[in-house]
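The values are calculated or read from the model by the stated rules, or taken from the named source; none is laboratory data. Owing to the predicted nature of the structure, the values given are computational and were not obtained by experimental measurement. Counting neighbours? That spans all protein chains shown, and the Cβs are built from the backbone with ideal geometry, glycine included. Remember, those area values only see protein heavy atoms, side chains included, never the ligands or the DNA or RNA. Shrake-Rupley method; radii C 1.70, N 1.55, O 1.52, S 1.80 Å.
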Amino acid sequence: MQDGPPYGYLVQELIAGRWRRLFAGIYDVVLVGVLTWPLLARSGIFEPKDFADYVVNLDWRRLIAGTLVWYAYHWLLTGYCNGRTVGKKAFAIRVVQQNGARLTPAMAAGRALMSGFFVAVGVSVIDLVWIVFTSRKQALHDLVANTVVMID
C-alpha cells in the first residue's frame, strides 16, 4: 500500500497549506524545546544580564549541545523518515524535492542548516513569512534547498 502520493508526482493541490505547516512547526518547536530544556536552562541563556556579562558567563557547551539536538532532530527525521518530523507526521505533511522526489539525507542536512542559519542571523520570521509570497508556499530555507512541503 502506498504511503501518500507517489514520489515524482507533485501538483499544486498537493502543496501543504500555510496553517498546516505552521502548526506542524509549532509542534516540533515544543517537542524539541522539551528535549533541550535541561541543556538550555542550565546554560544561562534565560538569565537576564547585560550583553557583555551574558556572553562571558554563558555556558556555550550546553548552548551548542542544545543547538545540535535541534539540528539533528530536523536533519535526521526529515532525511531518514520519509521527509517527516514528528510534527509533520502529526499534520500529515512531508518535505520533498521540488520535483516531488524523495528528499536525500544530504538535502535534509542542507535544509536544516539553512533554517538554523536564518534563526542565527535573526531573520527567522522573514524566512517563515516567505511562504505567503510564493505560489508553492516555500519558506526561504525551502527555496535555498530546492524543497517543497506537500500533503502526505
Over the range 107-133, the set of residues part of a helix (DSSP H, G or I), without any contact (Cβ under 8 Å) to a residue 60 or more places away in the chain and open to solvent by 80 Å² or more (accessible area, probe 1.4 Å) is LEU113, PHE117, VAL119, ALA120, VAL125, ILE126, TRP130
What number of residues within the range 134-152 satisfy the criterion of being open to solvent by 20 Å² or more (accessible area, probe 1.4 Å) and part of a helix (DSSP H, G or I)?
3
Note down all Cβ pairs under 7 Å where the first residue falls in the range 90-106 and is more than 21 Å from ILE26 (Cβ to Cβ), the second is part of a strand (DSSP E or B) and basic (Lys, Arg), and they're at least six residues apart or on different chains.
VAL96/ARG102
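Somewhere in the range 20-40, is a residue out of contact with any strand residue (DSSP E or B) (no Cβ under 7 Å at 6 or more places or on another chain), over 21 Å from ALA120 (Cα atoms) and modelled with pLDDT of 85 or more?
Checked against the condition, which is being out of contact with any strand residue (DSSP E or B) (no Cβ under 7 Å at 6 or more places or on another chain), over 21 Å from ALA120 (Cα atoms) and modelled with pLDDT of 85 or more, the range 20-40 yields at least one hit.
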For residues that are within 17 Å of VAL144 (Cα to Cα), open to solvent by 10 Å² or more (accessible area, probe 1.4 Å) and assigned to a loop (DSSP other than H, G, I, E, B), tally how many sit in the range 77-101.
3
Got a number for residues in the range 107-121 being more than 10 Å from the chain's Cα centre (by Cα) and within 15 Å of VAL29 (Cβ to Cβ)?
2
